[in-house]
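Following: one structure in structure tokens, then a few remarks.
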């Protein structure tokens, strides 16, 4: 989860720091936001006013608007969009950017929140709800946060920990933070590799040092499921 995670209570939204585990691996890239994701396309996504307001946490305030977005395609998905007062990002960017997240990753999301400007930093997720605190965040961030919902305990499993242990590197410094963020960053990298046709050799020599993580991700997210 980028910068913070959400802790939900019945009264308000609080931000708490994620404990750092530090995987102590060499990093391959300085970050993943500069990779090419231009191949991603958002499906038709009509939105109507209304939706489950209980999913909307706006730092104690009532949301300014609640919409239900229907992402159409091979599998249709309804997702609640919460626009907090003085929302940091407009609805159209939220809808379009989340729509670019491949459906097998996005399908676990229940809601996304455009937070009130200045009330939080970065982005985060909990309970299949993701929040975005900075203006017009990159699609790689939306993939990362959606990957936390797709995780479903995979990053805490022995098989994932063993895959990381057998490798000598991780994608970037953020992936070194802990197993959950490592998993999410590998999802982000895997989407790029599949989209650029580099999945068959798992990214080649550039990423051979994290071959076990990529092989495991290829099992969780088969390349064929990510291609249009």
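Yes/no matrix, rows are residues, columns are (1) under 18 Å from residue 136 (Cα atoms); (2) not in a loop (DSSP other than H, G, I, E, B):
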| site | (1), (2) |
| --- | --- |
| 54 | no, yes |
| 66 | no, yes |
| 70 | no, yes |
| 73 | no, no |
| 79 | no, yes |
| 82 | yes, yes |
| 85 | yes, no |
| 89 | yes, no |
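Which condition number in (1) at positive phi; (2) in contact with a strand residue (DSSP E or B) (Cβ under 9 Å, 6 or more places away or on another chain) is the one that residue 136 fails?
(2)
Against the definition (in contact (Cβ under 8 Å) with a residue 24 or more places away in the chain and in contact with a strand residue (DSSP E or B) (Cβ under 7 Å, 6 or more places away or on another chain)), how does residue 155 come out, yes or no?
No: the conditions fail for residue 155.
Just checking, how many residues over the stretch 185-202 are farther than 21 Å from residue 30 by Cα and touching a residue at least 60 places away in the same chain (Cβ under 8 Å)?
So the answer is 0.
Among the candidates 112, 98, which residue alone is in contact with a helix residue (DSSP H, G or I) (Cβ under 8 Å, 6 or more places away or on another chain) and in a helix (DSSP H, G or I)?
Step by step, each of 112, 98 is checked, and only 98 is in contact with a helix residue (DSSP H, G or I) (Cβ under 8 Å, 6 or more places away or on another chain) and in a helix (DSSP H, G or I).
Condition first: touching a residue at least 24 places away in the same chain (Cβ under 8 Å) and not in a helix (DSSP H, G or I). Can you find one or more residues in the stretch 203-217 that meet it?
So far as the stretch 203-217 goes, no, none of its residues is touching a residue at least 24 places away in the same chain (Cβ under 8 Å) and not in a helix (DSSP H, G or I).
Out of the residues in the stretch 101-124 meeting the condition of being under 17 Å from residue 33 (Cβ atoms) and over 11 Å from the mean Cα position of the chain (by Cα), tell me which one is modelled with the highest pLDDT.
Going through the qualifying residues, I end up with 122.
When only residues in the stretch 36-65 that are crowded, with 17+ Cβ neighbours inside 10 Å and out of contact with any strand residue (DSSP E or B) (no Cβ under 9 Å at 6 or more places or on another chain) count, which is nearest to residue 168 (Cα to Cα)?
37
Out of the residues in the stretch 133-161 that are under 16 Å from residue 100 (Cα atoms) and over 10 Å from the mean Cα position of the chain (by Cα), which is surrounded by the fewest Cβ atoms within 10 Å (Cβ to Cβ)?
Per the criteria, the residue is 136.
With respect to residue 190, determine if the residue is closer than 20 Å to residue 36 by Cα and at pLDDT 95 or above.
Yes: the conditions hold for residue 190.
The values are calculated or read from the model by the stated rules, or taken from the named source; none is laboratory data. Note that the structure is a prediction, hence the values are computed from the model and not measured. With ideal geometry, Cβ positions are generated from the backbone for all residues, glycine too; neighbour counts draw on all protein chains shown.
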